[in-house]
Structure formats: C-alpha cells, structure tokens
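Notes follow once the structure below has been shown.
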Amino acid sequence: MGKGSVGKGSVGKGMGKLVAVLVAFLVVVAGMWGTIAALGWSPQLGLDLRGGVSITLVPAAGQAIDDEVLDQTVQIIRQRVDGLGVAEPEIARQGDTVLVQLPGVTDREQAEQVIGRTAQLQFRRVVEIIPPDDPAYADAGDACGQEVLVGPPPEDAEVVLCEGDVGEDGQALAPEERLKYRLGTVDLGGSDVTDAAAALDQGLGTQWLVNLELDGQGAQAFAAVTAELACEPPGAATRQFAVVLDGVVESAPTMSDNVVCGTGITGGSAVITTGGEDEARELALVLRTGALPIQLEFATSQSVSPTLGSASLTAGLQAGFIGLVLVALYLLALYRGIGLAAIAELAAFGAMVYGLIIVLGNTVGFTLTLAGIAGIIVSIGIAADSSIIYRERYRDEIRAGRTVRTAADAAFTSAFRTNLTGNTVSFLAAGVLYILAVGPVRGFAFTLGLSTLIDTLLFATFTRSLFGLIARSPKLATSRLMGLRADVVTPTLVDDAPAQPERSERGSGDASRVDRGANR
C-alpha cells in the first residue's frame, strides 16, 4: 500500500464508528418519543395558546414599597395560585408591577378575588352595633368597608361597615339595611393564624365555615379575650367578637352561654362563618397563605378565549410547517441527493426540539407560548444554515482536489468550528434575553437557546454520521447524488493524501486536476 493511503480496514472501521453514533442517536430519539407516547404526554400550552386569565396588579397609591415587599407579595400570590390548582401559572415582577398569567382559568372574577385580596385579618371586640334606623347610622360612613369614627366613641374604638350581614330570615341585606359596628382595638391578627380550612357546619348541615388554628401566642390572646366577653350580659352587643377581613366584618359571633366567664375558649381554635362553599374555600386559601404586605389594585384584567388560543396555535404550527417545507425544497433544489440528507437532518432536529419541549413541559413545567413557537421557527433557519455550511465546505474541499470521503471529513472539521462559533453567540444572546426579559419574551429566548444547543449536538452526531456514511458508500457517493457535476470527481473509497490542484498554461479543467492530484 502506497504512502499516504488508507486501507479498506480503516475505511470499514470508520464506517462502523459512524454507524454506531447514528444508531445511538436514533435510539435516544426513539426512546424519548416512546416514553412520550406511553405516558400520553403533550405540550403544556401557555395562556396565549390555551386561553385563560391575565391580570396586572400595581400597588395602591400612598404606600411605602421596596423590592423586599414586592418579592414577598409575588411569593404570596404564587402560593395562592398554587392553591387554586392552576397548571403552569406565570407570576413575575415588571418593576413595581406584578404580572399574573393563569392558563386554563375561565372564572376571572374568582381569580381576581383570590389573587388581589389583601386578606388583612383582625379579631376585634364589638363596642356597639348601629342598625339602619339609628340616627347615628348615616354619620357612620357611606362606603361599605370603610373604617370611620362615629360620635364620641370609646378610646381607640372604630366603626366598620359590615358588607356581608344577613337578616333574621337568612336573606342578604341591602347596603342601606346592613348593620354597622363600632369596634374596639385589634386583639388578634392574621399573623396569629397557623392554618385555615373550609368545612361544613356539622350542626346546620348547610352552613360553610372556615376553621382557624392559632399559634401559642394567638391561642392565649383568644382565650383571654373570650374570657372577658363571656362576662358581658347575655344579648349585649359587647358579648360579640367581630372577625374583620380587609376592613369588612365577615362575622360577629356571640359568646355562647356555655363559655365560662373568666375562662374563655381554650384550645387555640376559632371559626369564621361564611356564605357558600366557594367563598369558604377561597377565604381559607388566602388566610392560609397569609396577608399581602401591601394593598394592590388591578391595572388590567382580561380573559383570553380558548378558541383564540387554539387559532394562534394553529397559525404558529402552520407557519413552522410552511417554513420547513420551503427550506426543504430549497435544499433539495440546491444539493439534490445530499439535500435529501439535509431534509432528514431537519426532521431529526424537529423531532428532538418538539420532543424535549413535551418532556420539559411534563417534568419541570415549561409552557409553550406563541413567542416560544416563534423561537422554534427562527431556529429552523439556524439548523438549515448548519446544513448549508457543511455542504458548501464539502464542495470547496472537492474543488481543492480531495476525494469524496476525505472531503466530507475535512468539511466537517471546518464547518463544525463555524457552527460552534455561531451557535455559541446565539446561545449567549438567548441566555441574556432570558435572564433580563419577563413574560412571553422568555419563552422565545428559551426555545431559541434550547434549539441552538440541539443543533450543535445534532451536527456533531447525526449530521456527521449520515453525511460520512453517504460519502463512504460506493453506491451512494455518486457525483449526481453528492450535488456535483459529473465531470468534477469520480468518487473512490481509497483516500489518498490531499492534493493541491496543479496549474498549467492550457488547464484541463477541474476533473484533470483532481485526477492528477489523486494519482500523485
């Protein structure tokens, strides 16, 4: 065997390695999709594709806020949303604004009630109850829920308008018929509550309650207050203990005659009477997660129709499919046979990207948004660009006098450096965008970065192996299949040392230069 040549054994060994890499890649992809099919997984769609509720909250005016308070607010809202059972919500800060995205939620009013409620809980003694026919009623404040002073109240006593009182027949009272309460100081607060759970009153069977568990300090304070209230005359307003939530008296239960004066209610438990089951569960949730440190106002609140989301998803998928078809046709027209290999590479790229999006959605909670689909569509161009770079490098190597096999190997080395450099820049840009951006833009950055990583991995494994096997096959490595003119090269599996094209005055064309170089 002449110097600089490679025997058939080396060729066979090289093909075996390429086959092994290609098979391993296909096994991984098949295993991923087999798992997806077996578990019945599907992509987790975001708000713009699935429909749902989008809420923007801003702090009410006149409040002292800082980053710590806002971060605490976001954390409490996240706990409340988790309690609603919303799949893959997105809660994020944009400066002083809190953006809440709730995919799949259809009841916007319920979402607003749970998320935006401050849930400042207070337990306060009732000093006096002001009925609607009392002359002092009109002076007690006009706005429901507003705390105002009334007449010459006792020291630190305040009045709270009760929003949810009911008459003796159980019917809700009109605003002008509701009772107003003159209340004493705060004896217990929401910070004393360790747990809250909605339950059906076992005695009435139709009344829903919220059972509260108090911490040690709260239990002692509750026992001390109820011990004093039990000493008040039966039927007196001062025997009642008001439960105030966000400035509204939710209930004002009277001490039972069974409560012993001077002993009170021990055990660290309390009860709030509510309306229906939904109200009880929502109240228990907001009390369990704690009060918001600041009062929030709704800047925007809108519902996204599932039909509109489905139309957006269909449009995005159609755009991606059309892009793939156009790129495939271009590659086929430009590179003929090896264009088919490029199409196979794009198909493998799509299978990897879409499969990983499904896996990530069902394992770590990644949601696919319309912006994410845009990132995938952009990445199609990145993947196609990698294929084009490889094939153009390959053509350059053939024109430089290499055989098909050595041209394929040399072209990969050069093209991979270019691929790695370009994809590194794209990945870093996507990473910076993901860190700095919020909302849907992060979805674009994530899918773009993920697709860039997959493209590099695919190029180093699937693309190299597939193209290398074609170049090493006598039946496949024909000039027409490899996208070359028939007079450019006659492929061979025996790889001589790369030759430099000779120059002659009369020149005999590319084919003669390659032949002389190969026979040197």
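The values are calculated or read from the model by the stated rules, or taken from the named source; none is laboratory data. Because the structure is predicted, anything quoted here is derived from the model rather than measured. Ideal geometry is used to build each Cβ from the backbone, glycine not excepted, and the neighbour counts take in all protein chains shown.
In segment 215-238, the residues that are within 26 Å of L287 (Cα to Cα) reach residues that are aromatic (F, W, Y) with C-beta atoms within less than 8 angstrom, at least six apart or across chains, in these pairs: F222/F123; V225/F123; V225/F241; T226/F241; L229/F241. For segment 415-431, does any single residue satisfy the condition of being in contact (Cβ under 8 Å) with a residue 60 or more places away in the chain and either surrounded by fewer than 16 Cβ atoms within 10 Å (Cβ to Cβ) or under 31 Å from the mean Cα position of the chain (by Cα) (or both)? No, because not a single residue in segment 415-431 is in contact (Cβ under 8 Å) with a residue 60 or more places away in the chain and either surrounded by fewer than 16 Cβ atoms within 10 Å (Cβ to Cβ) or under 31 Å from the mean Cα position of the chain (by Cα) (or both). Checking each residue in segment 58-86 for being surrounded by 13 or more Cβ atoms within 10 Å (Cβ to Cβ) and in a loop (DSSP other than H, G, I, E, B) picks out I65, V86.
Rundown of residues vs (1) in contact (Cβ under 8 Å) with a residue 60 or more places away in the chain; (2) in contact with a Gly (Cβ under 7 Å, 6 or more places away or on another chain); (3) outside the structural domain of T463 (by TED's automatic domain parsing), yes/no style:
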| residue | (1), (2), (3) |
| --- | --- |
| G320 | yes, no, no |
| I338 | yes, yes, no |
| A341 | yes, no, no |
| L346 | no, no, no |
| G365 | yes, no, no |
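For segment 362-371, the criterion of being farther than 24 Å from G443 by Cα and not charged (D, E, K, R) is met by none of the residues.
Selection over segment 25-48 of residues that are part of a helix (DSSP H, G or I) and either surrounded by 13 or more Cβ atoms within 10 Å (Cβ to Cβ) or not small (G, A, S) (or both) gives a count of 12.
Checked across segment 385-401, the condition of being under 22 Å from V28 (Cα atoms), part of a helix (DSSP H, G or I) and touching a residue at least 40 places away in the same chain (Cβ under 8 Å) holds for at least one residue. For Y330, the conditions (1) over 20 Å from N211 (Cα atoms); (2) assigned to a loop (DSSP other than H, G, I, E, B) all hold with the exception of (2).
Just wondering, is there one or more residues in segment 295-303 that are at pLDDT 80 or above and part of a loop (DSSP other than H, G, I, E, B)?
yes
If you scan segment 95-120, which residues turn out to be assigned to a helix (DSSP H, G or I) and without any contact (Cβ under 8 Å) to a residue 40 or more places away in the chain?
Here is the first cut: in segment 95-120, the residues assigned to a helix (DSSP H, G or I) are 108-116.
Matches in segment 95-120: E109 only.
Could you look through segment 238-271, keep only residues that are of a type in the set (G, A, S) and assigned to a loop (DSSP other than H, G, I, E, B), and pick out the one that is modelled with the lowest pLDDT?
Step one: list which residues in segment 238-271 are of a type in the set (G, A, S), which gives 242, 247, 251-252, 256, 262, 264, 267-270.
Of the ones still in play, those that are also assigned to a loop (DSSP other than H, G, I, E, B) are 247, 252, 256, 262, 264, 267-268.
On the way: G247: 75, A252: 79, S256: 79, G262: 87, G264: 83, G267: 83, G268: 84.
Top of the filtered list is G247.
Residues in segment 380-437 that are under 14 Å from R464 (Cβ atoms) and aromatic (F, W, Y): Y390, Y394, F412, F416.
When we screen A437, A411 for residues that are without any contact (Cβ under 8 Å) to a residue 24 or more places away in the chain, crowded, with 20+ Cβ neighbours inside 10 Å and aliphatic (A, V, I, L, M), the only hit is A411. Considering only residues in segment 1-24 that are part of a helix (DSSP H, G or I) and at pLDDT below 75, the one that is surrounded by the fewest Cβ atoms within 10 Å (Cβ to Cβ) turns out to be G9.
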